[in-house]
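Q: First the structure, which I've put down as structure tokens, then a few questions once you've had a look.
Every number here is computed from the coordinates shown, using simple stated rules; none is lab data. Because the structure is a prediction, the values reported are computed rather than measured. Heads up, the Cβs are rebuilt from the backbone with ideal geometry, glycines too, and the neighbour counts pull from every protein chain shown.
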Amino acid sequence: MDREKRLGIIFIIVGLIIPLATLPFVSGFSKDKGFYDNFYNAGVNIRKDMKDDTLSQSQTKTGATNGKTKMTYSMMIPQRIPFRFFLVPTVILIYMGIIRIDRSRRRNREP
């Protein structure tokens, strides 16, 4: 087997393994939601919600914060990585694999 063809097959396999490996950790899917809601709301949780990170509803309703919120480092860390971010390298690697296989086929045809 040609080296280019082997590399293309490896790219395709790795591209398929990335989302399959992250699927057990994904949360946010619902069969009641549509395709776009599931696509945009599903993700891998990085950390659990903490009560200190967000203001309670009673504070925001009464205006206890006076319009000033204290920004903390823990508020800057995202709570989840969207699943669509894992699909981007999948599409790119599968495309690269197809191109590699196609190149190796064209190279074998030419004398």
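Q: Whole-Hz Karplus ³J(HN,Hα) for the stretch 30-41, in order, using 6.51 cos²θ - 1.76 cosθ + 1.60 and θ = phi - 60°, x for Gly and Pro?
A: 8, 6, 7, 7, x, 4, 5, 4, 5, 5, 8, 9
Q: Here's something else I'd like to know. Taking a label point 7 Å from the Cα of Ile17 along the Cα→Cβ vector, which residues of the stretch 71-94 have an amide N closer than 20 Å to it?
A: Counting backbone N atoms under 20 Å from the label point, the list is 85-94.
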